[in-house]
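To keep things clear, I will list the structure first and then write my remarks on it.
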Amino acid sequence: MKRFEFIQPSSVEEALAAWEPGAAWLGGGTNLLDLMKIGAMQPDRVIDITRLPGLSGIETLSDGSIRIGALVRNSDLAVNATVARDLPMVAEALLSGASGQLRNAATVGGNLMQHTRCNYFQDPHAACNRREPGAGCDAREAGDRMALLGWSDGCIATNPSDFCVPLAALDAVIEVRGPQGAREIHVSEFHLLPGDNPQRVTALEPGELILALRLPPEATAFAGHARYLKVRDRTSFAFAMSSAAAALKMEDGRISDARLALGAVAAKPWRAAEAEAMLSGAAPEEALFTRAADAALAEAKPSGDNAWKIDLARRTAVRALLMAAAGTPARIPALPASPFGSKVGDLAHA
Amino acid sequence: MPDTLDPHVRFGSNSGQPVTRRDGLAKVTGTATFAADNTPDNMLYAVFVPAAIARGRVTGLDTEAAAAHPGVTHVLTPQNRPPLQGDPSDKPTMFSFRFEALQDDSVRYAGQPIALVVAETLEAANEGARLLNPKYERLTPRTDIDDAEPYAFEAAGFGLPANTVHGNPEAGHASAAQAIDVTYETAPQYHNAMETHAVVAKWEGDHLTLDMPSQAISMSCAGFAYYFGIPAENVTVRSPYLGGGFGSKAIPTGPYVLAILAARMTGRPVKMMLTRQQMFGPVGHRGQTRQRLRLGADDTGRLTVIDHEGIAATSTFDDFVEPAANASQGIYAAGALRSTHRAVKLDIGTPGPMRAPGEASGSAVLECALDELAEKLGLDPLELRLKNYAETEPGTGKPYSSKALRECYAQGAERFGWNSRPRAPGQMRDEDGLLVGWGMGTAFFPCPMFMAEANATLRADSTAVVETSAVDMGQGAWTALAQIAADSLGLPLDKVDFQAGRSGLPDGGVAGGSGHTATAGGALHAAGGDVIRQLGEIAAADPDSPLYGAGNAGFVARDGRLYVAGDESRSEAYTDILARSGGAEIAGNGSASRAPETAEQHAMNAHGAVFAEVKIDPDLCQMRVTRLVGAFAAGRIINPRLAESQLFGGMIWGISFALHEEARHDHKRGHIVNADLAGYHVPVNADVSGLDVITVHEEDPYVNALGIKGVGEIGITGTVGAIGNAIWHATGKRVRRFPIRIEDLLTS
């Protein structure tokens, strides 16, 4: 691989000062290092942020928000008692991703920054507008599992993260710091749709570093009816073909508030606001969920030979809503987020 | 005359025991030294540059930039590559392929080596390779099976007939009361052993030492000797451990030859280890197939014809063709049998033998087609197979050397609970509402023998050393073969020093064709028998021995003692016989192969029956194999633990074939888009549950001296079809392509 400078700062200030154009932040390395080895990314400078202090905590703030440091490892987050109790679909999504070894290394900040798994982005010999602005997109005629929503002629890639799907549903806020100081970015504005600028994949400005993630107090109100569902080619260790995070707030047998986000269908986790509006105030019935899923995918269009995927995404949304309506299980199933996770068992917040 | 056990040798005190792998501890503790673990002093690293296009020409390489990179010592291109003494287009051994080793600037497949960079560090070699920044003249690649016209040829696989006809297929079609005509496709699959191909090459004068994983040590020596113009005995191959082979490590390949060439050119040892991505091209694969099966049956379900046509993809520059249609020969008692093959030449790396080459792809389709016929006939799938049970080999009428398939069907069905299967599809659901389906298939694999030799030496202290260049791919050969050797010498396993896995030993043959235990084991058995025979002659002629004069009765060797056959009261320890004879040790040798007349008189196959349960989400269509029961009759089982493990491995490959493995080409650019283990799926643990293997007792006096049939490959056959049939049974949908994907069920 290309030679690069390796820097291990010991404070956030040092890290920010070390950044320059062409540099890359290194967290768990589960994505960046692979891309560097195959030549899809070639940073001149790699800044290892894993030694930065103060970024590895999980805490409940006085207003009830849950704040998660950018360097918290996926494994630690998934088994954190607060997260498992109050944000169960976040834990379920985490545990459905990658493998135990990768989850032990992967960080919260890195997961937010995870690159698309589009084969053409990963192939340095292929034309890819994301990797090289203006190069074209070789995936356009060959991709059969690509985006359904929000894609452009320049890019049909999807965001592969499981974790980010419940984050989108729960209105997470991302705390960043950069040369211009600190700011917060709402998760829905963090990942960008490709439009005419596919190379711009997040709202981070050059040199900005993710410090933490915050879930607002309302996010915990869905804990009794919150599920993540992931459809994929094998039972474990595969990226989603489609996924959905569904969360319901139930009052007197009716849905008082609903959240729905879809994964693997767009360049960002896809929040389905219209579907949520249809669900609010209604009784939880399959026919309603079907209408909501139809609304969520109303704008979907095939980006290749993948019209079937619209149907799959719709079915995934319906099922996730049914699972959420049935209630969060007391224990995350042995096969998290899987259609093969048993539906039988005690509920967590019954 | 059947091959029979040497009467001097008692068999079974070590064999038949579930001994754990003798190399297991070394492997799990990381002390086992695999090829790439060797790092001799002064070593260089070599990295080849894979072509990014599938067809065309390399028009530019920035060799100056690569050579200028710190640490890079040499850049090899077709312009400066030193000559080879043997032509890479020649085929010096039985398992040879034409390969690409920088003969010219043409590109014949994506992933083809187009340059080699040699450097002081791996990182420098990699960066040098990147800096070469190849420029190409691109021609339209042909990578789809429809991109070229099928052509007829003489031999499929390694010398198997391309066309075989028994009886009158046209009459079979004409007389059929029920018929089906179906076409299936199987995907290209790439060997992805855990250990990728690796070599550490070192020249000393005109002697070459290779640390490399090899399934065929003796043949590797001969092959590399040919390309480098040296005698075969000047090549040392050391292959103590392999991290899997599956057929792809039996064959000299272009990358190996380039690394050896670099070592000779630089005068320093050179290491090359392929990346996972580099495995997709120059080291073989299982070729894509399209198979048409036309079956006819009379009203009672007796087959009038099996007519199996296969089209398989091969490369433009060589001709290995997956012999899929041959899987329909020798298995069911049809009135007529026809297997025909054609090939299409595509811009891909040459396919080669991959675990059950032909049998896996062919069986997958045959077993599904039979179920389609059973549905039409209104018969249970097992009933259809039993109605067409072959008592003698169909077509030839030869007797089987042994065949316990009926017992496999019975025991497998019993264990699985097949009798409670509803005939119609879509009838079963589990407590979670998942669709449940049951399917079955017949497993079938021939029993080839290769040639092997072995030495055995009994020492004065009643320990022994045995030698053969056999190899352990991970399947446990070193353990099973040592058990055979210990039995042949009448010694406990721990008294036998088992030497294998390198050249310079008697030729242990090829670890392939599921024939390694039979072949190398046969040679070891004969070598030990030779020692015991000599020992018996010494004792019988020695008036001081209790065995004096008992030569005609014969001896039995056990636990370091010789006993008079039929008279256990007369015995003597090896140590005593040897102490009196004055000789320090007794050396014996042996060989094994199959007499041609034995092969002509009998059909020799291993058989089995596989039963599968799948569960499928009715809306999301995600599939999971929840139970697999396989009952196999494979002759004598030397080590039940290892045999079960081999059969498990085959059945798991069956899951992989049915639901996962597929190299997906971008037909516009010609490359494989999922060339890594994130994209090229094989089953993970969560995909494998409820495996159950039954080994059905079978004694075979004809197949070889030990009665071994082999268990390495048969587990795939039967399993793929069983899973395909179970998916139909769960859903009522018949998907005629493998792997079966979620979208196939969504859209069908």
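Got a sec? Which of B:Ile742, B:Ile723, B:Ile714 is more than 24 Å from B:Ala424 (Cβ to Cβ), touching a strand residue (DSSP E or B) at 6+ places or on another chain (Cβ under 9 Å) and either of a type outside the set (S, T, N, Q) or more than 11 Å from every other protein chain (Cβ to nearest Cβ) (or both)? So that I can check it myself, show each step before the final result.
Values: B:Ile742 fails: more than 24 Å from B:Ala424 (Cβ to Cβ); B:Ile723 fails: more than 24 Å from B:Ala424 (Cβ to Cβ).
Only one candidate qualifies: B:Ile714.
Kindly list the number of the only condition in (1) surrounded by fewer than 19 Cβ atoms within 10 Å (Cβ to Cβ); (2) touching a residue at least 24 places away in the same chain (Cβ under 8 Å); (3) assigned to a loop (DSSP other than H, G, I, E, B); (4) within 14 Å of chain B (Cβ to nearest Cβ) that fails for A:Ala337.
Of everything listed in (1) surrounded by fewer than 19 Cβ atoms within 10 Å (Cβ to Cβ); (2) touching a residue at least 24 places away in the same chain (Cβ under 8 Å); (3) assigned to a loop (DSSP other than H, G, I, E, B); (4) within 14 Å of chain B (Cβ to nearest Cβ), A:Ala337 misses just condition (1).
So which of A:Arg331, A:Arg319 is of a type in the set (Lys, Arg) and in contact (Cβ under 8 Å) with a residue 60 or more places away in the chain? Quick ask: steps written out before the conclusion?
Working: A:Arg331 fails: in contact (Cβ under 8 Å) with a residue 60 or more places away in the chain.
After ruling out the rest, the residue left standing is A:Arg319.
Under 7 Å by Cβ, and 6 or more places apart or on different chains, what pairs join a residue from the stretch B:375-392 that is touching a residue at least 40 places away in the same chain (Cβ under 8 Å) and closer than 16 Å to B:Gly296 by Cα with one that is among the acidic types (Asp, Glu) and open to solvent by less than 70 Å² (accessible area, probe 1.4 Å)?
Cβ pairs passing all conditions: B:Pro381/B:Asp371.
Each row is one residue, and each column tells you yes or no for (1) over 21 Å from B:Asp472 (Cβ atoms); (2) within 19 Å of the chain's Cα centre (by Cα); (3) modelled with pLDDT of 95 or more.
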| position | (1), (2), (3) |
| --- | --- |
| B:Lys615 | yes, no, yes |
| B:Cys621 | yes, no, yes |
| B:Val629 | yes, no, yes |
| B:Gly635 | no, yes, yes |
| B:Phe648 | no, yes, yes |
| B:Leu659 | yes, no, yes |
| B:Glu662 | yes, yes, yes |
| B:Leu691 | yes, no, yes |
| B:Val696 | yes, no, yes |
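Identify all residues within the stretch B:512-526 that are among the hydrophobic types (A, V, I, L, M, F, W, C), open to solvent by less than 20 Å² (accessible area, probe 1.4 Å) and in contact with an Asp or Glu (Cβ under 8 Å, 6 or more places away or on another chain); write none if there are none.
Filtering the stretch B:512-526 down to residues among the hydrophobic types (A, V, I, L, M, F, W, C) leaves B:518, B:520, B:523-524, B:526.
Going one step further and asking which of them are open to solvent by less than 20 Å² (accessible area, probe 1.4 Å), we end up with B:518, B:520, B:523-524.
B:Ala523 - this is the single residue of the stretch B:512-526 that is among the hydrophobic types (A, V, I, L, M, F, W, C), open to solvent by less than 20 Å² (accessible area, probe 1.4 Å) and in contact with an Asp or Glu (Cβ under 8 Å, 6 or more places away or on another chain).
From A:Ala247, A:Ala238, A:Ala261, grab the single residue that is away from chain B (no Cβ under 14 Å), crowded, with 18+ Cβ neighbours inside 10 Å and within 29 Å of B:His660 (Cα to Cα). Working first, answer last.
Numbers: A:Ala247 fails: within 29 Å of B:His660 (Cα to Cα); A:Ala238 fails: away from chain B (no Cβ under 14 Å).
Being away from chain B (no Cβ under 14 Å), crowded, with 18+ Cβ neighbours inside 10 Å and within 29 Å of B:His660 (Cα to Cα) holds for just one of A:Ala247, A:Ala238, A:Ala261, which is A:Ala261.
So, B:Asp676, is that one more than 25 Å from B:Gly358 (Cβ to Cβ) and assigned to a strand (DSSP E or B) or not? Lay out the reasoning, then the answer.
Working: more than 25 Å from B:Gly358 (Cβ to Cβ): yes; assigned to a strand (DSSP E or B): no.
When the stated conditions are applied, B:Asp676 does not pass them.
Based on what the data block shows, is B:Thr747 surrounded by fewer than 21 Cβ atoms within 10 Å (Cβ to Cβ), under 30 Å from A:Ala142 (Cα atoms) and more than 14 Å from every other protein chain (Cβ to nearest Cβ)? Quick ask: steps written out before the conclusion?
Working: surrounded by fewer than 21 Cβ atoms within 10 Å (Cβ to Cβ): yes; under 30 Å from A:Ala142 (Cα atoms): yes; more than 14 Å from every other protein chain (Cβ to nearest Cβ): no.
Taking the combined requirement at face value, the residue does not satisfy it.
May I ask you to list the residues in the stretch B:284-302 that are among the hydrophobic types (A, V, I, L, M, F, W, C) and either modelled with pLDDT under 95 or open to solvent by 10 Å² or more (accessible area, probe 1.4 Å) (or both)? If you could, list the steps in order and put the result at the bottom.
Let us first name the residues in the stretch B:284-302 that are among the hydrophobic types (A, V, I, L, M, F, W, C), namely B:293, B:295, B:297.
Hits for the stretch B:284-302: nothing passes.
Tell me, please, whether a residue that is open to solvent by 40 Å² or more (accessible area, probe 1.4 Å), under 26 Å from A:Val72 (Cα atoms) and within 14 Å of chain B (Cβ to nearest Cβ) can be found in the stretch A:211-228.
no
Could you check, for the stretch B:719-733, whether at least one of its residues is open to solvent by 10 Å² or more (accessible area, probe 1.4 Å), at pLDDT below 95, assigned to a loop (DSSP other than H, G, I, E, B) and more than 30 Å from B:Ala486 (Cβ to Cβ)? Explain how you work it out, then say what you get.
Taking the stretch B:719-733 as the starting set, the residues that turn out to be open to solvent by 10 Å² or more (accessible area, probe 1.4 Å) are B:728, B:731-733.
Okay, now just the ones that are also at pLDDT below 95, so none.
Scanning the stretch B:719-733, I find no residue that is open to solvent by 10 Å² or more (accessible area, probe 1.4 Å), at pLDDT below 95, assigned to a loop (DSSP other than H, G, I, E, B) and more than 30 Å from B:Ala486 (Cβ to Cβ), so the answer is no.
State all residues of the stretch B:688-710 that are within 20 Å of B:Leu524 (Cα to Cα), in contact with a helix residue (DSSP H, G or I) (Cβ under 8 Å, 6 or more places away or on another chain) and open to solvent by 20 Å² or more (accessible area, probe 1.4 Å); if no residue qualifies, say none.
Selection gives B:Tyr702, B:Ala705.
Pick from B:Asn674, B:Asn685: which is within 14 Å of chain A (Cβ to nearest Cβ) and open to solvent by less than 20 Å² (accessible area, probe 1.4 Å)? Steps first, answer last, please.
Numbers: B:Asn685 fails: open to solvent by less than 20 Å² (accessible area, probe 1.4 Å).
Criteria check complete, one pass: B:Asn674.
Between a first residue in the stretch A:194-217 that is without any contact (Cβ under 8 Å) to a residue 40 or more places away in the chain and a second residue that is charged (D, E, K, R) and open to solvent by 10 Å² or more (accessible area, probe 1.4 Å), which pairs have beta carbons less than 7 Å apart while being 6 or more apart in sequence or on different chains?
A:Ala203/A:Glu189; A:Glu208/A:Arg177
Return the residues of the stretch A:177-202 that are under 14 Å from A:Pro269 (Cα atoms), open to solvent by 10 Å² or more (accessible area, probe 1.4 Å) and part of a loop (DSSP other than H, G, I, E, B); say none if nothing qualifies.
Answer for the stretch A:177-202, where residues must be under 14 Å from A:Pro269 (Cα atoms), open to solvent by 10 Å² or more (accessible area, probe 1.4 Å) and part of a loop (DSSP other than H, G, I, E, B): A:Leu192, A:Leu193, A:Val201.
Of the residues in the stretch A:44-72, how many are on the phi < 0 side of the Ramachandran plot, more than 14 Å from chain B (Cβ to nearest Cβ) and open to solvent by less than 70 Å² (accessible area, probe 1.4 Å)?
Of the residues in that region, 18 qualify.
Kindly indicate which of B:Thr236, B:Thr266, B:Thr196, B:Thr209 is without any contact (Cβ under 8 Å) to a residue 40 or more places away in the chain and among the β-branched types (Val, Ile, Thr).
Values: B:Thr236 fails: without any contact (Cβ under 8 Å) to a residue 40 or more places away in the chain; B:Thr266 fails: without any contact (Cβ under 8 Å) to a residue 40 or more places away in the chain; B:Thr196 fails: without any contact (Cβ under 8 Å) to a residue 40 or more places away in the chain.
Being without any contact (Cβ under 8 Å) to a residue 40 or more places away in the chain and among the β-branched types (Val, Ile, Thr) holds for just one of B:Thr236, B:Thr266, B:Thr196, B:Thr209, which is B:Thr209.
Before we move on, is B:Arg238 modelled with pLDDT of 95 or more and closer than 21 Å to B:Ala101 by Cα?
Numbers: modelled with pLDDT of 95 or more: yes; closer than 21 Å to B:Ala101 by Cα: no.
So B:Arg238 fails the test.
Considering each of B:Met279, B:Met212, B:Met265, B:Met273 in turn, give the residue that is more than 17 Å from B:Gly501 (Cα to Cα) and crowded, with 23+ Cβ neighbours inside 10 Å. Talk me through it step by step, then tell me what you get.
Numbers: B:Met212 fails: more than 17 Å from B:Gly501 (Cα to Cα); B:Met265 fails: crowded, with 23+ Cβ neighbours inside 10 Å; B:Met273 fails: crowded, with 23+ Cβ neighbours inside 10 Å.
After applying the criteria, what remains is B:Met279.
Find the strands (runs of 3 or more DSSP E) located wholly in the stretch B:566-665 whose residues include 2 or more that are crowded, with 20+ Cβ neighbours inside 10 Å and in contact with an Asp or Glu (Cβ under 8 Å, 6 or more places away or on another chain), and list them.
Working: elements: B:567-573, B:585-592, B:605-616, B:623-633.
Answer list for the stretch B:566-665: B:585-592, B:623-633.
Quick one: how many residues across the stretch B:92-129 are in contact with a Pro (Cβ under 8 Å, 6 or more places away or on another chain), farther than 29 Å from B:Pro357 by Cα and in contact (Cβ under 8 Å) with a residue 40 or more places away in the chain?
3
Among the helices (runs of 4 or more DSSP H) lying completely within the stretch A:88-176, list those that include at least 1 residues that are more than 20 Å from A:Thr202 (Cα to Cα). Can you show your working first?
Working: elements: A:88-95, A:100-105, A:108-112, A:164-169.
The qualifying helices (runs of 4 or more DSSP H) are A:88-95, A:100-105.
Identify, by number, the condition in (1) within 14 Å of another protein chain (Cβ to nearest Cβ); (2) open to solvent by 20 Å² or more (accessible area, probe 1.4 Å); (3) closer than 24 Å to A:Arg103 by Cα that A:Thr290 doesn't meet.
(3)
Please enumerate the residues belonging to the stretch A:301-334 that are of a type in the set (Ser, Thr, Tyr), farther than 20 Å from A:Ala223 by Cβ and either at the interface with chain B (Cβ under 8 Å from one of its Cβ atoms) or in contact with a Pro (Cβ under 8 Å, 6 or more places away or on another chain) (or both). Before you say what the answer is, go through the steps one by one.
Step one: filter the stretch A:301-334 for residues of a type in the set (Ser, Thr, Tyr), giving A:303, A:316, A:328.
Checking which are farther than 20 Å from A:Ala223 by Cβ leaves us with A:303, A:316.
A:Thr316 - this is the single residue of the stretch A:301-334 that is of a type in the set (Ser, Thr, Tyr), farther than 20 Å from A:Ala223 by Cβ and either at the interface with chain B (Cβ under 8 Å from one of its Cβ atoms) or in contact with a Pro (Cβ under 8 Å, 6 or more places away or on another chain) (or both).
Looking at (1) out of contact with any helix residue (DSSP H, G or I) (no Cβ under 9 Å at 6 or more places or on another chain); (2) part of a strand (DSSP E or B), which one does A:Ala244 not meet, given that it meets all the others?
Here A:Ala244 clears every test but (1).
The values are calculated or read from the model by the stated rules, or taken from the named source; none is laboratory data. All values derive from a computational prediction rather than experimental measurement. Neighbour counts are summed over all protein chains in view; Cβ atoms, including those assigned to glycine, are modelled from backbone coordinates with ideal geometry. When the accessible area is computed, the model is the full protein with side chains, heavy atoms only, and any ligands, DNA or RNA have been set aside. Shrake-Rupley method; radii C 1.70, N 1.55, O 1.52, S 1.80 Å.
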